[in-house]
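Q: Below is the structure I would like to discuss, written out as structure tokens.
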Amino acid sequence: MNEPKAHQVSPIGLPVVEHWAATSLSLTPDDATILPRGRDVNKDPDPTLDSPSRHGQLRLDGRAGNARRAEISPRSRVTRVSTSADRRTLSGRVTRSQVSAEATGDTLTTFVDAFCGAGGLTLGLSEAGWLPTLAFDKWSDAIATHTENLPGHPALAADITNSRQVSAALAKLEDRPDWIVGGPPCQGYSTVGKRIREDERNRLFLAYRDLVKFVAPPGFVLENVLGLRDMSFVDAVKSAFTEAGYHVTAMVLRAADYGVPQLRRRVVFVGHREDRFFAGPRRTHDEHSYVSVDDAIGDLPPVEPGTEATRYSLRPTTAFQKDMRRESQVIQGHRAVKHPERLIEAISHIPDGGNRLHIPDHLQPTSGFHNSYSRLASWKPAVAVTQNMAKPSGTRCIHPRQDRGLTTREGARLQSFPDRFHFSGGAVSQRLQVANAVPPLLAETLGRALEDPARWLSDDPGVSLIPER
Ligand SMILES: C[S@@+](CC[C@H](N)C(=O)[O-])C[C@H]1O[C@@H](n2cnc3c(N)ncnc32)[C@H](O)[C@@H]1O
């Protein structure tokens, strides 16, 4: 058989043309195989990646011709962590939930985070007691953040569309993971249902589907910020994973309903090979108990535009603030961007929760949208945090009482990243990592619900905006 050229190879090692025709693979949990036809990852490693596995988790056996066969062993369902030394080897910074799971003799659910970014999803699932065994993302700054804050499992720079890099990453796995989780950036354009194979913008979603199909874990999670009302996309995702052998449900989760001080919504797909459907996590908060902006950031020291604070000067007053400050001595990323004097004067006229209509005519900015130049309301959860959080012209991101945009640390708090979680890279990169992330608290709630037999149903509940209480 002729070897396809490297650029023709899909993430799972199938020729691209056949690959988009898609569903010819028939992998089962006990029969996951791959024939990487790209370069030999052991002989020709990507210099940007860690050295290939020496553990031999994915067995790379010589085969006829250049093809090498990698096998994932039929996995034991969970990883048993028996000693504290093992725990540290496996998971580096061990979360309290992981420790208590081990103490009660429970086994830890393992997972791979594809498109891991800085690690909001990994952090949250770890806090739920899950054990990450591999994470990858093509963005080196995000990988640096992930590695620093979430040691103990390989976090690799790998592009999911590059078969060689994905093979090298998968070679780190000792066992088939219980779950693959990830948020492929895909737009959910309305064309997706009709032209799913041709649309370049859906390439990453398909690559993710193929990764899940190849590794064949018992379950997967796909989260996204897609155009939520685009049901054709929801249907397309569901049917792509249903064809791959999963029972899939989709739901829209609002972060504030799970204790995150932010109204951000995410669509979450959960699939399982067993004949059962995930009903979603129960809401833990409502309009009467939401964590507000003040509850979340009110203890951070005031900073003027163009200045930074690294020391706590105020006492934490809410449970959320106390939780965020746990194990943190210094404040990272609490620098306010410098603004022109005229802009500072303009926004000084906006009250807590107000908008640009409060700015006098002679100071009105000439550009922006209706929700630009708006202050967060101190008594409500924030609107979705974006990478433009530091600019008053961004979407409602002016501090409730200070005349400036948000600092990266304030954005991170509103995403429920604890202060001990430090971001790598330049300021712009750090803000993007924060804004991209799944709020860790939302991920933690999701992880706990996925482990709760009461949250699984025998029938597909259909797409719901917010799961029933
Ligand atoms: C929404 S973010 C993921 C956020 C992450 N789940 C978290 O909670 O922090 C999407 C990530 O996909 C990564 N990405 C985009 N294209 C990729 C590709 N071709 N291969 C691997 N990662 C990719 C981006 O670098 C980005 O970090």
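Throughout, read-outs are computed from the coordinates displayed, never taken from laboratory work. These numbers come from a predicted model, not from an experiment. Note that we place each Cβ from the backbone using ideal geometry, even for glycine, and neighbour counts take in every protein chain shown.
Q: Mind giving me the FRET efficiency for residue 428 and residue 274? R0 is 41 Å, r the Cβ-Cβ distance, nearest 0.05 is fine.
A: That gives a FRET efficiency of 0.40.
Q: Arrange 373, 258 by Cβ neighbour counts within 10 Å, fewest through most, would you?
A: 258, 373
Q: Quick one: dipole size for the range 260-340, taken about the Cα centre, charges +1 on Lys/Arg Cβ and -1 on Asp/Glu Cβ, in debye to the nearest 20.
A: Its charge dipole is roughly 220 debye.
Q: Between residue 401 and residue 451, 0.36 nm times their residue separation minus their Cα-Cα distance comes to what?
A: Extra length available between residue 401 and residue 451 comes to 13.9 nm.
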